Structures are given as C-alpha cells and as structure tokens.
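These notes concern the structure reproduced below.
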Amino acid sequence: MNIKISKQIKSNKGILVLPVFREEIGEFPKTFPASLKGFFEKRVKAKEFEGKKGEILTTYIDDKNLPAKVAFVGFGKKEKFSGKKNRIVSAIIGKFLKKEKATETTIVMPVEIAKYGQEFAEGLKMAQYKVDKYKTCKKQKCPVHEVENLEVVAETAPKNLKETLEKGVVIADSVNYVRDLVNGPSNIVSSDFMVAEAKKIAKENGYKITVFGDKELKKMKWGGILAVNAGSPKEAKCIVLEYNGSSKKENPVAIVGKGIMFDSGGYNLKPSRSIETMHQDMAGAAITLGLFHSMKKLGIKKNVTGIITIAENMINEKAYRPSDIITMYSGLTVEITNTDAEGRIILADGVTYAGKMNPDCIVTVATLTGAVHVALGDRYSGLMGNDLKLRDQLYKAGRETDDLGWPLPIHGDFKKKFDSKIADIVNCDKGSASWAGAQKGAAFIERFVGKNKWCHIDIGGTAFCEDTPQEFETKGATGSSLRMLVNFLENRG
C-alpha cells in the first residue's frame, strides 16, 4: 500500500472518506468539501446519519478535483475513542472499500484518528484480506479489490504519522501472510513449502537459517518429532531462523512454533467435524514465520531465534501407536497414551533445542488444545508458563494490540498427572484429560523447559474462526498472536 500525506485533498480518484465523531454531528467540519454541507446537514436533521461507530453514509459529488464518490463514516464518541476502536472502524472502512472495488482512497483524518495511525492501517489492510487464493478466474488476471494507494489529508497530525501508518501496513501484511499459510490446504502448504518460505524470508532479510531433515534429526536423536511424523511419507523438519537486532552478547528470545501440517489424530483418529480443518494445526509455525516476515522491516531491537518443528500426524504401518514408548531429544522417555496429543511432543523437542541456546526466555505458540477453546472461546488465547513476569508481559502486549491472551494456572497436581509407571512420563493423562486440558498440555511442555523462563500461548481457540469473525477478520485463519508477539518483542526489557 502506497501512503501519501498531504494538507489538502489532491487526488480525484477512488472514494473520499470523511470521518465524523458523534459529538461533532451538529457542526459541518471545515476540512470537508463545502459543497457537501447541504447534503450532510439534511441527512443529520433527518437522523439518517448520527456518527455512530461504523455507520456509513454515501453520496456523489460533481467536482473534477475530488473523488466522485464520498463516504461519511461514523467513529462513535470522541471521549471514548481508542486505538482498538480505530482499528475496528478502519476495518469497517476496509470492507466497505473492498465491496466498492476501490483501489484508491482519500481520507480526511483528524488528529484524534491520526494519533492511532498504526491501528488505522492495521484494520484497513487486515479487513481487505481475501480467502479466495485458490479460485480460478474467467479473465486471465483476477481483479484486485484492495486499496493500493492511500492519501491521508491531515492539517494537524503527529510528525511520525506516515511512519506509524507504514508500520501498521507491515504488521497487517505479516498477519495476512500467516492467514495465507494457515488457510492453505495440506497438499499445497506442506513441510517442503514451509522450508521454501523460510528460505525465501531468510534470503530477503539476511537471516541465518538452518534446516534439519530426517537424516539430521535421527542423528541428533529427536525421537519426539520423528515418532509423530512416522506415519507420513514426507520428512519431518525443524527450521531454525536467527535474527540479530541487538548486541551479540544479548541472549535471544526463542520462539518455538508448532507445525503439524495435517493432524489426523493418528490411531486416536479425529471424528468428522473435527478433522476437516486440521490443515490449520500448523498455525504456531505460521506465526513464527510471520514474525520473521516483519521483524527486520520493523527494526525490532532484540535477538530472536525461531524454531519451527514440522511433522504430519498420519496413519500407516509405521505410525506411532498408543502404548508405544519413545525417547525424546532431551533423553526422557514418553509413554504414548494418545496419538492425538502430538503437538506437545514436537514442541518438547523444539523447547529442548531452544534451551541449549541459553535463551533470554522461551515462548511456545501452538494450536495445542481444543480445551482452551472451551475455556476461553475465540477471543482469548491461553497464557501459561513458569515465569509470572514473562506471562504478564505477553498479557499486557495482548491488551495493547487487542490480540488478547488470558492467564491460566498450571497447578502442581496437573504435573503429577503425567507420571508413568513404565516410562518417565505419559503424553496425555488418563481419565481426567479433558479437565483443565489446556494447562495440562502446557504442563507436559514444562517438563522440557528446565530452568529457562518460559510461557506458552495456546491459540487453539483463536487461530481459526468458523463462526463470528471480528471486523478485521474473515472466516478462516486469523493470524492471532502475531500482533501480541510483535509488541512483546518491542517492549521486552
């Protein structure tokens, strides 16, 4: 998206957007074209437009120097306005412009909106995401229905307005990149596809990348990821990306993302209505790639290592079974009591690897459990860990970005549920596995964390939306937790 800042309307293309706060509904703003005053005042008097949040009133204007179509947009009450509300209203604008097939738009932006430039750009760009990537078009080229050129008219605005708008675009682009990965079917977005994407991102940004395949993983004895992937014809992979945004002396933040490219459940086969969307079980891996997609552009001043563990939980004569005992990369033995509790296994190997890097902290991100969806619904990701300060930082980052997380406790008794009579631990407790299932999944991972500071983000309820998307979302992948993690990395002390 190309962004231009000006003090008066210069473009006559696309649609002109004119924001209105409820408190100002009785007075026509001086910054609006005077020729629209009569139309606006009549509609207000007739109560056809009241400036309510997301309300849109359209008309046309006969002026060759201005865009032909005009949209008055309600931004609600000024006294209650916030970055969150700006993102929501700009998303409503984004969907309106998408419906109108507008590739260019001009917005007259008052200072109240301009001070939340990042949120405005995020909402506008995220709302225009399209899920139809794999549709064929009758014409040679599919039409573009998103804003490519944005003119922002601001008489008084923060000096860094263009910078904050562009930052919002970078973040939204990375969210949409994640959505493309997660929405992609497993026959296309495969382990090889993820490796190719990681290499592309590394090359474009100058990151160091290391890729382990079956040969390397066997040599290093990553028994967890290899067991989960045993039923797949594709190789297991571990991708390691390294970003250096700070001094070489600074220990890296390790982000470990779960990449189950398809989860059949293994021999504990998932039923219908649960299996159809299991291409999205790699959302944690996609989020990790999405972070590296944006970090250099954003100038994150931290060292960050991304560890992406990739497997496919399938069934054949080689697949791991309930009652098998596997030896993890850490050396611990695990009795398999449920082949559908596989995400924690591949994350455990990834966490063990992260621990060898002497990290500042470890953050795991995964569609780990359905239980978190039951507990928190589709608006909050679960936050669980062994360090309250780290957990609180992620919670705060979620609040500031409206990419919400909610703390959940890991009780000591939950950890005891993983004791095994014939191995070191089981991968899923028997009998009460569904009780506090999200925390128990995290409790398994904690066995492999050692003394490192660690927090887990369970996006099992937020990564994929099938029911009620927010204004800046569509049904399908959401990119949940990326904005939270960007904010966290920017503010991690």
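The values are calculated or read from the model by the stated rules, or taken from the named source; none is laboratory data. Please read all numbers here as calculations on a predicted model, not as lab measurements. Using ideal geometry, Cβ is built from the backbone for each residue, glycine included, and neighbour counts are taken over all protein chains shown.
Here are some residues: Gly168, Gly184. Which one is within 17 Å of the chain's Cα centre (by Cα) and in the same structural domain as Ala311 (by TED's automatic domain parsing)?
On the way: Gly168 fails: in the same structural domain as Ala311 (by TED's automatic domain parsing).
Just a single option satisfies the conditions, and that option is Gly184.
Return yes or no: is Val253 of a type in the set (Val, Ile, Thr), surrounded by 21 or more Cβ atoms within 10 Å (Cβ to Cβ) and under 25 Å from the mean Cα position of the chain (by Cα)? Against the criterion (of a type in the set (Val, Ile, Thr), surrounded by 21 or more Cβ atoms within 10 Å (Cβ to Cβ) and under 25 Å from the mean Cα position of the chain (by Cα)), Val253 qualifies. Checking every residue in region 167-177 against the condition of being of a type in the set (Asp, Glu) and under 16 Å from Val73 (Cβ atoms) gives zero matches. I'd like to know if region 408-425 contains one or more residues that are free of Cβ contacts under 8 Å to residues at least 60 places away in the same chain and under 30 Å from Ala172 (Cβ atoms). Yes: one or more hits.
So if I check each of Gly431, Gly450, Gly479, which one is among the small types (Gly, Ala, Ser), closer than 30 Å to Lys125 by Cα and not in a helix (DSSP H, G or I)?
On the way: Gly431 fails: closer than 30 Å to Lys125 by Cα; Gly450 fails: closer than 30 Å to Lys125 by Cα.
Every option except Gly479 fails the conditions.
For (1) in a strand (DSSP E or B); (2) surrounded by fewer than 22 Cβ atoms within 10 Å (Cβ to Cβ); (3) modelled with pLDDT under 95, each residue gets a yes or a no:
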site	(1), (2), (3)
Thr58	yes, yes, no
Glu79	no, yes, yes
Arg87	no, no, no
Ala91	no, no, no
Gly123	no, no, no
Cys137	no, yes, yes
Lys141	no, yes, yes
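Only one of these is within 34 Å of the chain's Cα centre (by Cα), surrounded by fewer than 13 Cβ atoms within 10 Å (Cβ to Cβ), assigned to a loop (DSSP other than H, G, I, E, B) and not assigned by TED's automatic domain parsing to the domain that holds Glu473: Lys52, Lys64, Lys101. Name it. Show your work before the answer.
Numbers: Lys52 fails: surrounded by fewer than 13 Cβ atoms within 10 Å (Cβ to Cβ); Lys64 fails: within 34 Å of the chain's Cα centre (by Cα).
Selected residue: Lys101, the only one of Lys52, Lys64, Lys101 that is within 34 Å of the chain's Cα centre (by Cα), surrounded by fewer than 13 Cβ atoms within 10 Å (Cβ to Cβ), assigned to a loop (DSSP other than H, G, I, E, B) and not assigned by TED's automatic domain parsing to the domain that holds Glu473.
Within the group Gly290, Gly266, which residue is assigned by TED's automatic domain parsing to the domain that holds Val486, surrounded by 17 or more Cβ atoms within 10 Å (Cβ to Cβ) and in a loop (DSSP other than H, G, I, E, B)?
Only one candidate qualifies: Gly266.
Any residue at all in region 318-339 that is buried (at least 17 other Cβ atoms within 10 Å of the Cβ), of a type outside the set (Lys, Arg) and under 26 Å from Asn244 (Cα atoms)? Taking every residue of region 318-339 in turn, none turns out to be buried (at least 17 other Cβ atoms within 10 Å of the Cβ), of a type outside the set (Lys, Arg) and under 26 Å from Asn244 (Cα atoms).
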